[in-house]
Amino acid sequence: MKKIRLGVIGTGLAWERLHYPAFKELSDKFEIAALANRTKKDAKEFAIKINLDMQNVYDDYKAMIKRTDLDAIDILVPIELNYEVSEEVAKAGKSFICEKPMAPDMGQAKKFLELARKHIVKIMIAENYRYNEENNKIKQLISEGRIGDIVYFIKNNINCFPCQMTKDTYAGTEWRQHPDFPGGAFLDAALHDIAAVRHIFGAVQCVQAFGKPQKEDFNPYLSVNANIQFKNGIIGQYTYFPSGTESQKPYVGFRIFGTKGEIYLEEKSSGIINVAYNDGKSEKVSYTPERGYYNELLNFYNALTGTEKISVTPEIEYGDVKNVFDILESIASRKVVYVDEHQPEEPKAYIEGSDAVRMYIQ
């Protein structure tokens, strides 16, 4: 079995706690061959943990990606650097994984789409929620018609970012507390939830959202409430509250209502998807939490070795990122914003050749 020789750009929390454990589990498929980090000391410390020779440690990733013995690169840098670093890696002719989101704004997101077209490389965006077992099992339950036709959903995400800011957590990082990109934590964290519902329900037609402003740097809004309409007619509400706690159980969680029953996931770490039917029957579907990292890296390996296609391409991620920025635009403009299609022309308020008529909603 061919091992992929991997170079890593960014050896911070995401690498150490999320990607590396999955790579370690896939050690028969990947070899960590080089590490690059702006603070070389941190990369050296990790190199010691994995017995990597110091000649394979860099503080300049551009020097590392010139190596001809690296098959692929894993990019884990602050959001504002994602496109910049990805462009350099693509120019070097290296296939790569880039952590989500693909870019800090829509301008760079559009430019990102050109990388795979201009350069003969394979690109995966590491949106692990699209690879998580719970979301794929929910998608399967729906496709099997277990709860009939889907009518609507509620997805509620409450977490306390301020509570974690002084701890050894993602919220403790300077660039997340004072982001140099629009959307703050909403772009960084709520993007996962948007990707999950798009993965389950499909393309989005339009959104209408409201936000409660706050002065804290980490997120422009204390809470975001978004109504989402999908192209297949499903509607639902997504709520993101990154400054609070949910003190009452069971949590609101993720609830999907169909004509024959309901799917309920209390939280992504619960390990159980509850399915209740209108006839009084119910079942529990078990899953293993946090398998998205393993599944996405396995998909990347299989894509590099030619046995399957990459599931989360820049094109897929672009839709997720645009959906997030369209929610923010809707809040700012107080208007409905169309996501995966052009906004339709405004209906005429009159019939040509006759007197004006009153518009009505049927």
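The values are calculated or read from the model by the stated rules, or taken from the named source; none is laboratory data. Quick caveat: nothing in here was measured; it's all calculated off a predicted structure. Neighbour counts run over all protein chains shown; Cβ positions are idealised from the backbone, glycine included.
Results for (1) closer than 21 Å to Tyr152 by Cα; (2) among the small types (Gly, Ala, Ser); (3) not assigned by TED's automatic domain parsing to the domain that holds Asp74; (4) not in a loop (DSSP other than H, G, I, E, B), shown as yes or no for each residue.
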| residue | (1), (2), (3), (4) |
| --- | --- |
| Ile256 | yes, no, yes, yes |
| Tyr264 | yes, no, yes, yes |
| Lys268 | yes, no, yes, no |
| Val275 | yes, no, yes, yes |
| Gly280 | yes, yes, yes, no |
| Glu283 | yes, no, yes, yes |
| Asn299 | no, no, no, yes |
| Ala303 | no, yes, no, yes |
| Thr307 | no, no, no, no |
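Please verify whether Gly319 is surrounded by fewer than 20 Cβ atoms within 10 Å (Cβ to Cβ) and at pLDDT below 95, treating the condition exactly as stated. Before the answer, list the steps.
On the way: surrounded by fewer than 20 Cβ atoms within 10 Å (Cβ to Cβ): yes; at pLDDT below 95: no.
No, not satisfied.
Starting from residues that are among the aliphatic types (A, V, I, L, M) and modelled with pLDDT of 95 or more, keep the ones in the stretch 115-144 and report whichever is surrounded by the most Cβ atoms within 10 Å (Cβ to Cβ).
Of everything passing the filter in the stretch 115-144, Ile125 is surrounded by the most Cβ atoms within 10 Å (Cβ to Cβ).
State all residues of the stretch 317-341 that are within 16 Å of Gly107 (Cα to Cα) and either free of Cβ contacts under 8 Å to residues at least 60 places away in the same chain or assigned to a helix (DSSP H, G or I) (or both); if no residue qualifies, say none.
Glu317, Tyr318, Gly319, Asp320, Val321, Lys322, Asn323, Val324, Phe325, Asp326, Leu328, Glu329
Which ones in the stretch 2-39 are more than 22 Å from Ile79 (Cβ to Cβ) and touching an Asp or Glu at 6+ places or on another chain (Cβ under 6 Å)?
The answer is Lys3, Ile4, Arg5.
Taking the stretch 277-301 only, how many residues are surrounded by 15 or more Cβ atoms within 10 Å (Cβ to Cβ) and either among the hydroxyl-bearing types (Ser, Thr, Tyr) or free of Cβ contacts under 8 Å to residues at least 60 places away in the same chain (or both)?
5
Scan (1) buried (at least 19 other Cβ atoms within 10 Å of the Cβ); (2) not in a helix (DSSP H, G or I) for the single condition His19 breaks and write down its number.
So the condition that His19 fails would be (2).
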